[in-house]
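S.K.: Encoded as structure tokens, here's the structure I'll be asking about.
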Amino acid sequence: MWNYIIQPENLSIILPGIVSVDAGKEPPYAPGDVWHGVSRSFGITNRWTGVFTRVDMPEVMEMRITESRFPFATIDTLEEMTEGTRYTFRVVGEPAIRGPLGRLLDAVMSATFKRALVKSLARLPAHIDASVTDKH
């Protein structure tokens, strides 16, 4: 699973709204490596630059989005379980707008993104299985 999620061309399957990603190099990735991308969410196109801050293969990958309209950090965690691999994806950041309105807007946008992410991740096992089948 790690080999699948670390590939930039698969990011649009994992994360809703990703339009394109350029890693600038092949894996393995290490802290300090940079990805550039474009995402589109809620009608807003956002060009971003992300820097890996932690890569402990095959368990944890952290990236800080340093150049973006909406700076944030992502944390991907893989944990082996008896029933398979648990993949956890977290987004951490500050609301784009401060105050009560910002907190309300952030809650609505977070809930909407979470629903889209859950749908996307539900399809992930089939995509991984297909990519393994294609390689054999």
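The values are calculated or read from the model by the stated rules, or taken from the named source; none is laboratory data. Everything numeric in this text was worked out from a predicted model, so none of it was measured. Glycine also receives a Cβ, built like all others from the backbone with ideal geometry; neighbour counts cover every protein chain displayed.
S.K.: Identify, please: which residue in region 10-31 is assigned to a strand (DSSP E or B) and in contact with a Lys or Arg (Cβ under 9 Å, 6 or more places away or on another chain) and is, among those, nearest to Gly93 (Cα to Cα)?
M.R.: Ile18
Conditions (1) at pLDDT 95 or above; (2) within 28 Å of Ala126 (Cα to Cα), marked per residue:
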residue: Ile5; (1), (2): no, yes
residue: Pro16; (1), (2): no, yes
residue: Val21; (1), (2): yes, yes
residue: Pro27; (1), (2): no, yes
residue: Thr66; (1), (2): no, no
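S.K.: Please go through region 108-124 and pick out each residue that is without any contact (Cβ under 8 Å) to a residue 12 or more places away in the chain and not small (Gly, Ala, Ser).
M.R.: Of everything in region 108-124, those that are without any contact (Cβ under 8 Å) to a residue 12 or more places away in the chain and not small (Gly, Ala, Ser) turn out to be Val108, Lys114, Arg115, Val118.
S.K.: Right, something else. Note down all Cβ pairs under 9 Å where the first residue falls in region 85-107 and is closer than 23 Å to Arg64 by Cβ and free of Cβ contacts under 8 Å to residues at least 40 places away in the same chain, the second is among the aromatic types (Phe, Trp, Tyr) and in a helix (DSSP H, G or I), and they're at least six residues apart or on different chains.
M.R.: Between residues of region 85-107 that are closer than 23 Å to Arg64 by Cβ and free of Cβ contacts under 8 Å to residues at least 40 places away in the same chain and residues that are among the aromatic types (Phe, Trp, Tyr) and in a helix (DSSP H, G or I), the close pairs are Val91/Phe113.
S.K.: Could you tell me whether any residue of region 54-64 is surrounded by 16 or more Cβ atoms within 10 Å (Cβ to Cβ), of a type in the set (Lys, Arg) and within 13 Å of the chain's Cα centre (by Cα)?
M.R.: Yes; the residues of region 54-64 include at least one that is surrounded by 16 or more Cβ atoms within 10 Å (Cβ to Cβ), of a type in the set (Lys, Arg) and within 13 Å of the chain's Cα centre (by Cα).
S.K.: Same structure again: Pick from Ala126, Ala116: which is loosely packed, with under 12 Cβ neighbours inside 10 Å and either more than 20 Å from Arg40 (Cα to Cα) or out of contact with any Leu (no Cβ under 8 Å at 6 or more places or on another chain) (or both)?
M.R.: Ala126
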